[in-house]
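The values are calculated or read from the model by the stated rules, or taken from the named source; none is laboratory data. Predicted, not measured: the structure shown is a model, and the values here were computed from it. Neighbour counts are summed over all protein chains in view; Cβ atoms, including those assigned to glycine, are modelled from backbone coordinates with ideal geometry. Just so you know, the surface numbers come from the protein's heavy atoms only, side chains and all, with ligands and any DNA or RNA stripped out. Shrake-Rupley method; radii C 1.70, N 1.55, O 1.52, S 1.80 Å.
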Amino acid sequence: MGDNIPKYDCKLFYYTKKNVIASLPTGTWDGDTARRNRSEIKEMAKIFKGEPWVFLGLIEHMKLVPDAQTAIEFSKFHSEFYNMNCKTIIFATGDELPIKIRSKRHQDMSCKVGLNVIYVETEQEAIDIIKNDDSIFT
């Protein structure tokens, strides 16, 4: 029975002195884990009190269960974060093309116009954007 339980982990933290929440998920993720994680991030975002913020997903080490429910739950990240004044989502995907393709599909499913979504390969590229491009907060 224990072998069927998805093994996942996620470290969530505030990043830099700007309004950024970073997520470092690992392991296998399904719709339930996505829903719990989204709820935790939204709770963290309350500290920004409605000010613009950025979500940084360091997703290169996560695996997704490829089913419809998982896709639906991940697509909700975009709209629910947007509704909490998240201005940009940055995904650092590494060289994992399948995770980038799925992430893009979730973005398309969300149909959220106005939310900037940026894909980079490395965490350092994401950090450089956060440090040097204030337009991601508008």
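List the trypsin sites (Lys or Arg not before Pro) in the range 1-90 that DSSP assigns to loop (not H, G, I, E or B) and whose Cβ has at most 13 other Cβ atoms within 10 Å. Which are they?
Within the range 1-90, the qualifying trypsin sites (Lys or Arg not before Pro) (loop, at most 13 other Cβ atoms within 10 Å) are K7, K17, K49.
Need one number: nm distance between label points at K17 and Q124, each 7 Å from Cα along Cα→Cβ, rounded to one decimal.
With each label point 7 Å from Cα toward Cβ, the separation is 2.4 nm.
Express in Å², to the nearest 10, the accessible area of S135 obtained by rolling a 1.4 Å probe over the protein heavy atoms while all chains stay in place.
Estimated to the nearest 10 Å², S135 gives 70 Å².
Which of the pairs K17/K49; K63/K131; K17/K63; K17/K76 have their Cα atoms more than 24 Å apart in this structure?
K63/K131; K17/K63; K17/K76
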